[in-house]
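What follows is a set of notes on a single structure, which appears directly below.
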Amino acid sequence: MNGQHMPTYAIISLGGKQHRVREGERLLVDRLPYGEGKTFHPDILFLGGDGEAELAPKGVQVTAKVVGHLLGEKIRIGKYKRRTGYKRHNGYRSRLSQVEIQTIGKKAAPKPKAEVKPKAEAEKPAEKKAPVRKPAAKKEAS
């Protein structure tokens, strides 16, 4: 892949499902463990666009931001058996997260870590010995 152009789409894995995404796109996915406003980097399975394709690319990451957590549409469930009077009703609203894809591109170069200066070995204080326990006083029989 050339460094001259950006990929137009990526296929990422979120919550055991695969999504085809572009930059600036918003999608609803199953609830994520990240808080609102937090960014994260999902796994990239495929990168494509401009007539090129790359399977499991190295050195590329997708940056996504959790816009908010919301509830899905209510689903009504009904059970019924004839001639027995058996009726059950239930409902369910799936917990969802809205995610916005911010960037698809190369990984940022890791920041060089500051050199750790070795500390002068401070003299260790003398180790304290455990106090010696005295045997309990014997009671006299009265």
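Numbers at a glance
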| quantity | calculated |
| --- | --- |
| Where a residue in region 10-32 is over 17 Å from Leu45 (Cα atoms) and in contact (Cβ under 8 Å) with a residue 60 or more places away in the chain and its partner, wherever it lies, is of a type in the set (D, E, K, R) and buried (at least 16 other Cβ atoms within 10 Å of the Cβ), with Cβ under 7 Å and at least six apart | Arg26/Glu100 |
| Selected residue (only one of Gly48, Gly15 is within 14 Å of Val66 (Cβ to Cβ) and modelled with pLDDT under 90) | Gly15 |
| Verdict on Leu70 being hydrophobic (A, V, I, L, M, F, W, C) and either more than 30 Å from Tyr92 (Cβ to Cβ) or under 12 Å from the mean Cα position of the chain (by Cα) (or both) | no |
| Neighbours by Cβ (under 9 Å, 6+ apart or cross-chain): first from region 50-65, assigned to a strand (DSSP E or B); second surrounded by fewer than 10 Cβ atoms within 10 Å (Cβ to Cβ) and of a type in the set (Gly, Ala, Ser) | Gln61/Ala108; Lys65/Gly37 |
| Selection within region 11-40 - part of a strand (DSSP E or B) and surrounded by 16 or more Cβ atoms within 10 Å (Cβ to Cβ) | Ile11, Ile12, Leu14, His19, Val21, Leu27, Val29 |
| Every residue from region 41-86 that is surrounded by 10 or more Cβ atoms within 10 Å (Cβ to Cβ), farther than 21 Å from Asp30 by Cα and among the small types (Gly, Ala, Ser) | Gly48, Gly49, Ala53, Ala56 |
| Count of region 94-138 residues which are among the charged types (D, E, K, R), modelled with pLDDT of 80 or more and under 30 Å from Val29 (Cα atoms) | 2 |
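The values are calculated or read from the model by the stated rules, or taken from the named source; none is laboratory data. Here the structure is a predicted model, which is why all the values come from computation and not from measurement. Note: ideal-geometry Cβ built from the backbone for every residue, glycine included; neighbour counts use all protein chains shown.
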